[in-house]
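Step one of this worksheet: look at the structure below.
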Amino acid sequence: MMFEGVVDNSEFAICENLIYPVLKEVWKHYRSKFLLWSHQSLTYDEKLSGFPEYILARRSPLGKVVFDRPYLMLVEAKQDNFEAAWGQCIAEMIAAQRLNDELDVIVFGVASNGDRWQFGKLEKNIFTRNTTFYSIQEIDKLVAAVNYIFSQCDIQLEKVMPIL
């Protein structure tokens, strides 16, 4: 007997079913300081803009849910095209860096197809990408890598909070 089912491998399905659950699990430990935004426009100018799948940003000190800087991490999902994902993610990272203005923070990036994840960072004018791919099949290692990025964002936030 053969079963048929609906298979949805769209970027939206990848985000909702594979990427978001991992991010949410880690974010729960940092939610007092950060908000995790989904599909928010990030626009510096007409060349540096985009709709990252997820953005990690500071939680407003006013206790309200507002899109507040610094923007510390961006996630871009693509269906097995990591070069396209990084091309788009880097433009969004540069936009975030410029929107962060006088705040000297590292912006982290994540490119994923849901199964494989890759991490990078933009520090001043230097972009570096980790050559290691993390797999959802090794969830402990993946969660540890995502947690490391969140912890680095937390450290940065502690440094810039007196400025804000």
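What the table shows:
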read-out: Debye equation applied to the C-alpha atoms of the chain, log10 I(q)/I(0) at 0.19, 0.20 Å⁻¹; value: -1.25, -1.39
read-out: Listed residues Asn81, Asn17, Ala145: farthest to the positive end of the dipole of the chain (Cβ charges); value: Ala145
read-out: Point-to-point label distance, Lys47-Glu25, nm (Cα→Cβ direction, 7 Å offset); value: 4.1 nm
read-out: Dipole axis of the chain (+1 Lys, Arg; -1 Asp, Glu on Cβ), positive-most option in Thr131, Ile90, Phe108; value: Phe108
read-out: Residue-normalised accessible area of the chain, expressed per residue, 1.4 Å probe, Å²; value: 56 Å²
read-out: Within the accessible area of the stretch 112-164 (1.4 Å probe), percent carbon and sulfur; value: 53 percent
read-out: Exceeding the 25 Å Cα-Cα cut-off - candidates Lys47/Lys121; Lys24/Lys124; Lys78/Lys121; Lys47/Lys124; Lys33/Lys159; value: Lys24/Lys124
read-out: Full-extension gain in nm, Ala144 to Asn125, via 0.36 nm per residue minus C-alpha separation; value: 4.2 nm
read-out: Quarter of Cα convex hull surface for the stretch 97-164, i.e. mean projection, nm²; value: 5.0 nm²
read-out: Charge dipole (debye, nearest 20) of the chain; +1 at Cβ of Lys and Arg, -1 at Cβ of Asp and Glu; value: 620 debye
read-out: Total formal charge among the other residues, if their Cβ is under 10 angstrom from that of Arg58, Lys/Arg +1 and Asp/Glu -1; value: +2
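The values are calculated or read from the model by the stated rules, or taken from the named source; none is laboratory data. Keep in mind it's a predicted model, so treat the numbers as computed, not measured. Reconstructed Cβ throughout: ideal geometry from the backbone, glycine too, with neighbour counts over all protein chains shown. Please note that ligands, DNA and RNA were not included when accessible areas were found on the heavy atoms of the full protein model with its side chains. Shrake-Rupley method; radii C 1.70, N 1.55, O 1.52, S 1.80 Å.
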